[in-house]
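Q: Here you go, one structure.
The values are calculated or read from the model by the stated rules, or taken from the named source; none is laboratory data. Keep in mind that this is a model prediction, so the values were computed, not measured. Cβ placement follows ideal geometry from the backbone for every residue including glycine, while neighbour counts extend to all protein chains displayed.
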């Protein structure tokens with residue numbers, strides 16, 4: 001399981017001040033920011049570290065609001081951020097362009113509409129700008145012989161910063177798409193670099209991929225030691241993602257493609273439509289028919305068959321997937337209407353939504369991955385609510401945790417979600433519990449980031465990880481032998497001894513009975529227990545209803561808050577000492593054995 005490496009940074013809310021404004025081009029405005037909170041500063045008794053941005057494509061989250069900014073700001077915790085719900089917040093990600101000891105620059109594309117562009121056009125020296133981040137800096141893979149940089153105007157700041165700082169000493173090929181000739185900038189290129197300026201609409205993915213295809217990267221003998229970084233409009237990048245991964249053959253860890261903006265952003269939709277208030281017009285409930293049609297088309301391979309042979313007739317696509325064309329014909333209406341496919345039965349090709357599904361694995365998972373399986377289980381939610389079981393178990397015949405304990409792919413999904421804890425370890429490590437904890441046992445999908453963080457603590461001498469056997473292979477690869485691992489079913493008070501047990505996202509995917517059983521298994525191993533779980537949805541994500549219903553489908557219960565976790569642990573003699581908010585809805589609940 002190839003995971004991208006990154007360095008995390010403390011999450012701090014900062015107020016910066018506009019110091020200087022200048023136009024780099026008629027379409028790009030550079031605003032220099034400075035302020036006391038870019039250095040180390042104290043707030044509410046906590047000293048926060050200086051602002052750090054160590055990678056050329058770091059993102060900070062700028063916070064804007066309609067009216068008063070105060071209700072839109074997140075809550076600063078001692079070691080993290082808690083995003084509260086806000087109807088007026090408009091948050092946008094931007095890349096610091098030039099970072100110096102006393103400030104940094106932000107480059108804004110000037111255009112009609114858009115909250116950030118509007119702010120940049122109206123900004124004056126002395127104005128405030130609030131922001132959070134960056135939360136992490138991505139580390140490029142080792143041994144890079146060449147690099148491809150692809151961007152539209154929104155990605156230009158990252159490209160410019162890369163060329164200024166040269167974090168990778170390799171020849172760079174740069175492909176830049178601009179919608180107006182006046183957007184061209186002077187860049188710090190070297191003699192062995194190559195720059196291609198493409199005049200095209202920023203949403204024209206065909207023009208972008210055509211320019212990159214003309215480079216002939218697939219014919220390079222050193223493809224395996226290249227690295228591609230791309231930042232532009234999200235859908236325009238989809239054909240490029242497919243070209244670089246499938247045709248060029250760049251490994252996943254050497255391909256960094258980020259949608260810097262979405263064409264729909266121009267409409268300035270609220271972050272969470274569900275938070276629009278009681279006076280909002282009700283949103284009609286759509287029929288689930290189209291979702292099931294797209295899911296079926298992906299599952300039987302129809303969409304992939306069309307992608308492999310653009311212009312293919314439905315009858316030939318049916319032959320390719322081994323299904324009679326008759327039953328497939330009724331699917332076309334929804335597939336064409338929703339842009340999964342384009343053309344007609346005599347000649348089919350991928351539509352824009354189909355391109356997205358095949359290029360972005362996360363988009364596909366909504367129809368053909370774990371998320372889709374959870375959604376499908378909601379068909380039995382009514383019966384599950386009546387019976388007090390989970391919708392997942394009623395559909396599959398077993399609980400999610402029972403299946404995941406023996407399924408490597410499900411374990412990988414859980415561990416990917418557990419990586420969230422990597423961004424919260426500053427607050428975790430600051431707690432005094434570790435000063436008297438020489439030996440720590442970590443259990444759960446978040447055990448890798450937590451275990452690696454604890455391994456660097458000065459007082460913790462011995463860290464080990466316990467996980468279901470199906471998940472041990474991926475964990476061992478991630479810790480690279482640095483941390484001992486054990487099968488969870490072999491862990492007990494008779495076999496292990498520690499000062500603190502950490503359950504890192506270990507309970508959230510388990511039913512109440514299974515969570516209680518896990519607590520019972522680790523009871524007696526250590527005098528202290530720390531449970532790390534998301535007790536409420538992250539309000540910034542704008543998907544609170546999805547998060548809560550997803551948890552209900554998996555476990556049959558609502559998201560467990562600190563009181564619910566305490567009730568589970570209290571049944572086995574654990575006394576709650578305190579609740580430590582870590583941010584993003586995650587809390588640490590600390591217990592002592594009675």
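Q: Only one of 573, 588 is touching a residue at least 24 places away in the same chain (Cβ under 8 Å), more than 21 Å from the chain's Cα centre (by Cα) and more than 21 Å from residue 426 (Cβ to Cβ). Can you tell me which?
A: Matching residue, one of 573, 588: 573.
Q: Would you confirm whether any residue within segment 508-525 is touching a strand residue (DSSP E or B) at 6+ places or on another chain (Cβ under 6 Å) and within 18 Å of residue 400 (Cα to Cα)?
A: yes
Q: A further question follows. May I ask you to list the residues in segment 420-441 that are at pLDDT 90 or above and within 30 Å of residue 381 (Cβ to Cβ)?
A: Across segment 420-441, the qualifying residue is only 421.
Q: Additional query: If you take the residues in segment 74-88 that are in contact (Cβ under 8 Å) with a residue 40 or more places away in the chain and in contact with a helix residue (DSSP H, G or I) (Cβ under 6 Å, 6 or more places away or on another chain), which one is surrounded by the most Cβ atoms within 10 Å (Cβ to Cβ)?
A: 80
Q: Any idea how many residues of segment 196-226 are out of contact with any helix residue (DSSP H, G or I) (no Cβ under 9 Å at 6 or more places or on another chain), closer than 21 Å to residue 141 by Cα and touching a residue at least 24 places away in the same chain (Cβ under 8 Å)?
A: Count: 1.
Q: Within segment 255-291, work out how many residues are in a helix (DSSP H, G or I) and either surrounded by 12 or more Cβ atoms within 10 Å (Cβ to Cβ) or at pLDDT 70 or above (or both).
A: The number of residues fulfilling the criteria is 8.
Q: Out of the residues in segment 1-20 that are surrounded by fewer than 15 Cβ atoms within 10 Å (Cβ to Cβ) and outside any loop (DSSP other than H, G, I, E, B), which is modelled with the lowest pLDDT?
A: Result: 7.
Q: Next up: Here's a check for you: in segment 342-355, which residue that is part of a strand (DSSP E or B) and without any contact (Cβ under 8 Å) to a residue 40 or more places away in the chain is farthest from residue 287 (Cα to Cα)?
A: 347
Q: I would also like to ask the following. Just checking, how many residues over segment 27-50 are surrounded by fewer than 14 Cβ atoms within 10 Å (Cβ to Cβ) and either within 30 Å of residue 228 (Cβ to Cβ) or within 25 Å of the chain's Cα centre (by Cα) (or both)?
A: Looking only at that region, the number is 2.
Q: All but one of (1) in contact with a helix residue (DSSP H, G or I) (Cβ under 9 Å, 6 or more places away or on another chain); (2) assigned to a loop (DSSP other than H, G, I, E, B) hold for residue 587; state the number of the condition that does not hold.
A: (2)
Q: Further question: Can you work out which of the residues in segment 292-314 that are outside any helix (DSSP H, G or I) and touching a helix residue (DSSP H, G or I) at 6+ places or on another chain (Cβ under 8 Å) is nearest to residue 243 (Cα to Cα)?
A: Applying the filter and picking the extreme gives 309.
Q: Within segment 525-543, track down each residue that is buried (at least 19 other Cβ atoms within 10 Å of the Cβ) and not in a loop (DSSP other than H, G, I, E, B).
A: 528, 529, 530, 531, 532, 533, 534, 539, 540 - these are the residues of segment 525-543 that are buried (at least 19 other Cβ atoms within 10 Å of the Cβ) and not in a loop (DSSP other than H, G, I, E, B).
Q: Considering only residues of segment 451-484 that are surrounded by 18 or more Cβ atoms within 10 Å (Cβ to Cβ) and assigned to a loop (DSSP other than H, G, I, E, B), which is farthest from the chain's Cα centre (by Cα)?
A: For segment 451-484, the residue satisfying everything is 460.
Q: List the residue pairs whose Cβ atoms are under 7 Å apart, where the first residue sits in segment 485-506 and is on the phi > 0 side of the Ramachandran plot, the second is not in a helix (DSSP H, G or I), and the two are 6 or more positions apart or on different chains.
A: Sorted first by the residue in segment 485-506, then by its partner, the pairs are 505/444; 505/445; 505/446; 505/532; 505/533.
Q: Among the residues of segment 572-584, count how many are in contact with a helix residue (DSSP H, G or I) (Cβ under 6 Å, 6 or more places away or on another chain) and not in a strand (DSSP E or B).
A: Result for segment 572-584: 1.
Q: Right, next: Please pick out the residue among 515, 498 that is closer than 24 Å to residue 587 by Cβ and in a loop (DSSP other than H, G, I, E, B).
A: Result: 498 is the single residue among 515, 498 that is closer than 24 Å to residue 587 by Cβ and in a loop (DSSP other than H, G, I, E, B).
Q: Among the listed residues 150, 132, which satisfies the condition of being under 23 Å from residue 93 (Cα atoms), touching a strand residue (DSSP E or B) at 6+ places or on another chain (Cβ under 8 Å) and surrounded by fewer than 22 Cβ atoms within 10 Å (Cβ to Cβ)?
A: Answer to the check: 132.
Q: Taking residue 549 as the residue in question, decide whether it is farther than 27 Å from residue 383 by Cβ, touching a helix residue (DSSP H, G or I) at 6+ places or on another chain (Cβ under 8 Å) and either at pLDDT below 95 or part of a strand (DSSP E or B) (or both).
A: So residue 549 does not fit the description; no.
Q: While we're on this one: Considering only segment 113-195, give the strands (runs of 3 or more DSSP E) lying wholly within it that have at least 1 residues that are over 15 Å from residue 256 (Cβ atoms) and in contact (Cβ under 8 Å) with a residue 40 or more places away in the chain.
A: The qualifying strands (runs of 3 or more DSSP E) are 128-132, 172-178.
Q: Take residue 336 and tell me if it is assigned to a helix (DSSP H, G or I) and either buried (at least 16 other Cβ atoms within 10 Å of the Cβ) or in the same structural domain as residue 234 (by TED's automatic domain parsing) (or both).
A: yes
Q: Consider segment 202-254. How many of its residues are within 20 Å of residue 163 (Cβ to Cβ) and not in a helix (DSSP H, G or I)?
A: Residues in segment 202-254 being within 20 Å of residue 163 (Cβ to Cβ) and not in a helix (DSSP H, G or I): 8 in total.
Q: Please enumerate the residues belonging to segment 393-443 that are part of a loop (DSSP other than H, G, I, E, B) and touching a residue at least 60 places away in the same chain (Cβ under 8 Å).
A: Across segment 393-443, the qualifying residues are 399, 405, 406, 407, 430, 431, 437, 438.
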